[in-house]
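Okay, so here's the structure we're looking at.
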Amino acid sequence: MFFYKLAMTALLANYVTALPQRGRTPGQKPSTPKSDYYISLGPRPYYLVNDMTPSPLKDRLESCENGPFSITDFSIGHRGGGTLQIPEATVESTTAGARMGAGVLECDVAFTRDRGLVCRHSLCDLHTTTNILLKPELAAKCSVPFTPANGTRPANALCCTSDITMAEYMTLCGKMDSFNASARNPQDYQFGTPNWRTELYNQCGSLMSLDSFITLVDSLPGHRSFTPELKTPPSTVPMPFNGYTQEQYASDMIEAFIRRGIDPNRVWAQSFNPPDVFLWINKYPQFGKHSVYLDEAGETPANFTAAVARLPSLAAQGVNIVAPPMQYLLTVGGPNNNTIVPSAYAIGARAAGLDIITWTIERSPPLARVAATRDYYYSTIASVIRRDGQLYEVLDVLARQVGIKGIFSDWSATVTYYANCFGLEGPVAADYKP
Ligand SMILES: *[C@@H]1O[C@H](CO)[C@@H](O)[C@H](O)[C@H]1NC(C)=O
Ligand SMILES: *[C@@H]1O[C@H](CO)[C@@H](O)[C@H](O)[C@H]1NC(C)=O
Ligand SMILES: *[C@@H]1O[C@H](CO)[C@@H](O)[C@H](O)[C@H]1NC(C)=O
Ligand SMILES: *[C@@H]1O[C@H](CO)[C@@H](O)[C@H](O)[C@H]1NC(C)=O
C-alpha cells in the first residue's frame, strides 16, 4: 500500500509536468489540471499488445505498460473518442475520449432548421443516432417519417437536424448508430448495433450544441484542442437551405470559436469540401493555416491515382494538412509482398510537403473479420490482416513510416498508449505559417 501510494505520487508529478504546453499564446492562462485527474486507459491496449506476435515493436509496447500516460494531440477523439462503445457525439463519448488521453476532440458540425450549430456526424442520421422516432411530435417532422418493414420492404425513415429547431434537438437522447431493418414499429427500430459494439450505454446520451461542446472541452483538465468538421449536407438538404449558404455555414462554424475567445491554435477545422478549406485559408488565416482537408477522392483505382496526382496542387493552394482514410496510406509490399508499407498516396503527400492526419482506427470489427467483411479501413491491406494485435503494427507503420501527425480513433486509449510509448505529441498548430 505504501509503495502504491509512492508510485501514484511519482506518476502524478510526471503527469502534471508531462502535459503538453505547446500552442498556447503568451499571456493566455494555462489550464491548470485538477490534481486528481488521471488519464485512464483500461484493459484494451494491454489486450492488443498481448495479442501481438513476438517482435521488437511488441517488446517496446510491453515496456510501456506502466506509463506514465498523459494527454497527447496525436490521439484524436473521433465523434468524442468513446464511440466504439458509447453513443457518438455525446457528452459521454467526449468525456470518455478525454479520460483516455485524447488531446483533440471532435464535433461534426451540423445545422438545425433555425440555423443552430450542433454536434452530429451527419445532417440526416437522427433516426439512427437518436431516439427521435420515439417522440411522436418530433418524428412527425422528419423528412421521411417512419414506415414499418412489411416482409418485402425494409423499415425506413430519414430525420435531419434541419427538420427541427435547436431547442427540439436538445431534447433528444443519443444512442448507438444503428437500426433494425425488420422493425415493424419505432421501438424495435432503435436496435441492431453490431455485436462487437454494445448498447450498454444507450441510456439517453447527452447531445451537444457546438457551443456546449466548446464549453465542455474548454473545461476539461489539461490542454485540449477542438476539431470541428463542417459537413457537406446530403442531397436531401439542398444548399442553400432556406437562403443559408455553405459559405455562411463555414463562416459560422469559425465565428463560434472566435466569439468564445478560443485561441485559433486550439482549433483544427476540417472539411471534405475544398471550397470550405479555401474559405478558411483566405478569410480566417489564423484558423485556415492548420485546417484539415479530408480527402476521400480516391475510392476507385483510377480516382486514387488522380487523388495522388492532385496533392501538389492542394499544397500550392495553401492546404497544409490532408486527412485521407488510413487505407489510402497503406499497401502491401516488401521482398515477399506480405509487409504493410506506405502507399503512393503517403509518399506523394510527404513529397508535396503536406502533413498527414488520418481516420479512423478502432472503427472496424475484430480484425480477424476485416477481410471477409471487406472492411473499408483495412481494404488495401486485408490480405495480410488476421488478428487484433496487428492493429499496433498498422499504427506503427502509419506513425513511423508514413509519419502521420495524428489519428482519429473510436477508442482513444488505444492510440494514447502507443503515442505515449513513442513520445508522440501530435501536430503543433503554431508551426503552420499562413
Ligand atoms: C410492402 O410495401 C410495398 C411498398 O409499399 C408494397 O409494394 C408491397 O406489396 C408490400 N408488401 C406486403 C407483403 O405487404
Ligand atoms: C427487429 O424488429 C423485429 C420486428 O419488429 C423484431 O421482431 C425483432 O426482435 C427486432 N430485432 C431486434 C434486434 O430488436
Ligand atoms: C471518381 O471520379 C469521378 C470524376 O471526378 C467522379 O465522378 C466519381 O464519382 C468518382 N468515383 C468515386 C467512386 O469516388
Ligand atoms: C502483392 O500483394 C497484393 C495483395 O495481396 C496484391 O494485390 C499485389 O498484386 C501483389 N503484388 C505483387 C507484385 O505480387
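Rule-based calculations on the coordinates, nothing more; no lab input. All values reported here derive from a predicted model rather than from experimental measurement. Positions of Cβ are backbone-derived with ideal geometry, glycine not excepted, and every protein chain shown enters the neighbour counts.
Some values worked out for this structure:
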item: Mean ellipticity per residue at 222 nm, deg cm²/dmol - from DSSP H runs of n ≥ 4 across the chain, formula -39500 (n - 2.57); result: -8500 deg cm²/dmol
item: Rh (Kirkwood; distinct C-alpha pairs) - region 259-382, Å; result: 15.7 Å
item: Within region 119-155, backbone nitrogen closer than 15 Å to the virtual label 7 Å beyond the Cα of residue 260 toward Cβ; result: 119-120
item: For 409, 379, order by how many other beta-carbon atoms lie within 10 Å, fewest first; result: 379, 409
item: Nonlocal amide H pairs with residue 388, under 5 Å, H built at 1.01 Å; result: 367, 368
item: Pairs of lysines in the chain (C-alpha under 20 Å apart; 8 or more residues apart or interchain); result: 9
item: Full-stretch length increase - residue 137, residue 235 - with 0.36 nm per residue and alpha-carbon distance subtracted; result: 32.8 nm
item: Kyte-Doolittle at least -1.0, axis length at least 15 Å by Cα - qualifying DSSP helices, the chain; result: 2-18, 246-259, 301-316
item: Ranked by how many other beta carbons lie within 10 Å on average, peptides 214-222, 92-100 from highest; result: 92-100, 214-222
item: Total formal charge among the other residues, if their Cβ is under 10 angstrom from that of residue 375, Lys/Arg +1 and Asp/Glu -1; result: +3
item: Burial ordering of 357, 385, 407, 258, fewest other beta-carbon atoms within 10 Å first; result: 258, 385, 357, 407
item: Bins of 5 Å from zero: percent of alpha-carbon pairs in region 87-209; result: 2, 12, 21, 23, 20, 12, 6, 3, 1, 0
item: Prolate/oblate/rounded call for the chain, Cα gyration tensor, a/c under 1.5 rounded; result: rounded
item: Residues 107, 159, sorted so that the one with the fewest Cβ neighbours within 10 Å comes first; result: 159, 107
item: Inter-probe distance in nm under a simple model that places probes 7 Å from Cα toward Cβ, at residue 191 and residue 379; result: 3.1 nm
item: Cα-based shape type of region 239-283, given that a ≥ b ≥ c are square roots of the gyration tensor eigenvalues and the cut on a/c is 1.5; result: oblate
item: Residue 387 versus residue 204: modelled label distance in nm, points set 7 Å from Cα along the beta carbon direction; result: 4.5 nm
item: Approximate spin-label separation residue 144-residue 300, in nm, with each point projected 7 Å along Cα-to-Cβ; result: 2.4 nm
